[in-house]
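Participant: For reference, the structure I am asking about is given below.
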Amino acid sequence: MKFAPLAALGLALAAVTAPAAVLAQDTATPAPAPAFTIDIPIESLMADERAKAVVTANFGGQDITQHPAYDQFKALSLKALAPFSQGLITDEMLTKIAADLAAIK
């Protein structure tokens, strides 16, 4: 009967440490996420020269930071802004920008 509390303590410790051991075994190094996507805020894209060049090229050479409403939409992503662009940002354009942004290393 005196060993029962020790056995219970041993089982409790095993239960507490087992998940950590399992997690340590199951964690593989995930593939790095692309640095830039059409889902991050536009101002983040414009802060990097490479991403800004991609966006500018896909907008016919126009620097969107010079748009009069830039301060109003810079916190949105390109994907979120598209429905409000009156057709200026198309699905095809988003696909092209996404591919070009993913190519940035």
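The values are calculated or read from the model by the stated rules, or taken from the named source; none is laboratory data. In this text the structure is predicted, and so the values were computed from the model without any measurement. A quick note on method: Cβ atoms are made from the backbone with ideal geometry, for glycine too, and the neighbour counts reach across all protein chains shown.
Participant: Which pairs do you get when a residue that is in contact (Cβ under 8 Å) with a residue 60 or more places away in the chain and under 13 Å from Asp39 (Cβ atoms), found in segment 66-80, comes within reach of a residue that is surrounded by 14 or more Cβ atoms within 10 Å (Cβ to Cβ) and hydrophobic (A, V, I, L, M, F, W, C), reach meaning Cβ atoms under 6 angstrom, with the pair 6+ apart or on two chains?
Facilitator: Correct list of pairs: empty, since none qualify.
Participant: Would you tally the residues in segment 49-72 being under 19 Å from the mean Cα position of the chain (by Cα), of a type outside the set (Gly, Ala, Ser) and surrounded by 14 or more Cβ atoms within 10 Å (Cβ to Cβ)? If you could, list the steps in order and put the result at the bottom.
Facilitator: Our first condition is that a residue be under 19 Å from the mean Cα position of the chain (by Cα); within segment 49-72, this holds for 49-52, 54-55.
With of a type outside the set (Gly, Ala, Ser) added as a condition, the list becomes 49-50, 52, 54-55.
Filter once more, so that each one left must be surrounded by 14 or more Cβ atoms within 10 Å (Cβ to Cβ): 50, 52, 54-55.
Selection size over segment 49-72: 4.
Participant: Out of contact with any Ser or Thr (no Cβ under 7 Å at 6 or more places or on another chain) and within 13 Å of Lys96 (Cα to Cα): is that true of Thr56 in this structure?
Facilitator: yes
Participant: If you don't mind, there's one more thing I want to ask. Report yes if Ala33 is at pLDDT below 95 and either part of a loop (DSSP other than H, G, I, E, B) or among the acidic types (Asp, Glu) (or both), otherwise no.
Facilitator: On the way: at pLDDT below 95: yes; either part of a loop (DSSP other than H, G, I, E, B) or among the acidic types (Asp, Glu) (or both): yes.
For Ala33, the condition - at pLDDT below 95 and either part of a loop (DSSP other than H, G, I, E, B) or among the acidic types (Asp, Glu) (or both) - is met.
Participant: Cβ-Cβ distance below 9 Å, separation of 6 or more or different chains: which pairs start in segment 83-105 with a residue that is over 15 Å from Asp48 (Cβ atoms) and end on one that is among the basic types (Lys, Arg) and assigned to a helix (DSSP H, G or I)?
Facilitator: Final answer for the pair search is Ile89/Lys79; Leu94/Lys79; Ala98/Lys79.
Participant: Of all residues in segment 81-105, count the ones that are surrounded by fewer than 16 Cβ atoms within 10 Å (Cβ to Cβ) and farther than 16 Å from Phe36 by Cβ. Don't jump to the end; show me each part of the working.
Facilitator: At the first step, the residues of segment 81-105 found to be surrounded by fewer than 16 Cβ atoms within 10 Å (Cβ to Cβ) are 83-88, 90-92, 95-96, 99, 102-105.
If we keep only those that are farther than 16 Å from Phe36 by Cβ too, we end up with 83-88, 90-92.
So the answer is 9.
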